[in-house]
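Working notes, beginning with the structure itself.
The values are calculated or read from the model by the stated rules, or taken from the named source; none is laboratory data. The shown structure was predicted, so the numbers you read here are calculated from the model rather than taken from an experiment. So basically every Cβ, Gly included, is an ideal-geometry build from the backbone, and we count neighbours across all protein chains shown.
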Amino acid sequence: MNVRRTRQPVLPLGSLPRVDLLPPSEMRRRDMLARARAWMVVGIAAVAVSALLVGGAAAYHVASSVRLGLEQARTQQILTGIAELSEVSDALATRGDLQALRADAMAGDLEWTPAVALIASHLPVGVTITGFSLDAGAAPVAGSDPTSATGMSGTVTVQTPAAIDLVAATRDLREAPAVIAADLESLTAADGVFTYTLRIALDQSVYTGAFTAEE
């Protein structure tokens, strides 16, 4: 015969019994309130994070707008400066074109008085220049020798009370500086006055070069 001893729960001395008297509905209500509070906290945190993100984005947008405005102002300033420089550049280009045109048009500018005086100084004694018709030649070529091309040519009229040695006179003229050619074109005599028309050509050293284009 087996005898089984059953252990009875022993209530500790000095303690009160704990009894959960909350009904299930109250427990469910409290659980729902706890969950609601948790979700509320999550919602508030999400709203706060969203507000921070939106605020940061707004601040970045404002900073970007300010920076863009500054860059646009700087760009406009640069464009204005370029426009002003463009006007100056156009003016300089126009000036250069005008100088080039003047240089081309006045390349054959002549020193008439020295040229005529040069011819007169190599005529025989007693011969006087009474007129001349001289024209400028081609424009000088940059870098070329001015004594190798014709710069002035035409006729010179001289008079003398006595006949002159034409061979010696024209030889003396040809040996003068800047003179390329000197030949008799015509001779007339009337009332004791001899009139000679000489065909003369001088080189380009008689050009003044005053309107040469600056390099």
- Task: Quick one: Asp183 ticks every box in (1) modelled with pLDDT under 90; (2) closer than 19 Å to Tyr196 by Cα; (3) of a type in the set (D, E, K, R) except a single one, so which number is it?
- Result: (1)
- Note on the structure: Flagged in region 132-161 as assigned to a loop (DSSP other than H, G, I, E, B) and at pLDDT 90 or above, in numbering order, are Pro161
- With respect to the numbered conditions (1) more than 21 Å from Trp112 (Cα to Cα); (2) touching a residue at least 40 places away in the same chain (Cβ under 8 Å), which one is the sole condition not fulfilled by Thr155? (1)
- Note on the structure: Picking from Gly108, Gly96, the residue that is closer than 30 Å to Gly151 by Cβ, at pLDDT below 80 and in a loop (DSSP other than H, G, I, E, B) would be Gly108
- Taking region 135-153 and keeping residues surrounded by 15 or more Cβ atoms within 10 Å (Cβ to Cβ), of a type in the set (A, V, I, L, M, F, W, C) and farther than 15 Å from Ile180 by Cα leaves Ala139
- Item | Selected residue [assigned by TED's automatic domain parsing to the domain that holds Val125, surrounded by fewer than 14 Cβ atoms within 10 Å (Cβ to Cβ) and within 21 Å of Leu123 (Cα to Cα)] from Ala178, Ala189 | Ala189
- Message: Kindly evaluate Ile164 against the criterion of being closer than 20 Å to Ala136 by Cβ, surrounded by 12 or more Cβ atoms within 10 Å (Cβ to Cβ) and out of contact with any Phe, Trp or Tyr (no Cβ under 7 Å at 6 or more places or on another chain).
- Response: no
- Boolean, Ser64 is surrounded by fewer than 10 Cβ atoms within 10 Å (Cβ to Cβ) and either in contact with a strand residue (DSSP E or B) (Cβ under 6 Å, 6 or more places away or on another chain) or in a helix (DSSP H, G or I) (or both): no
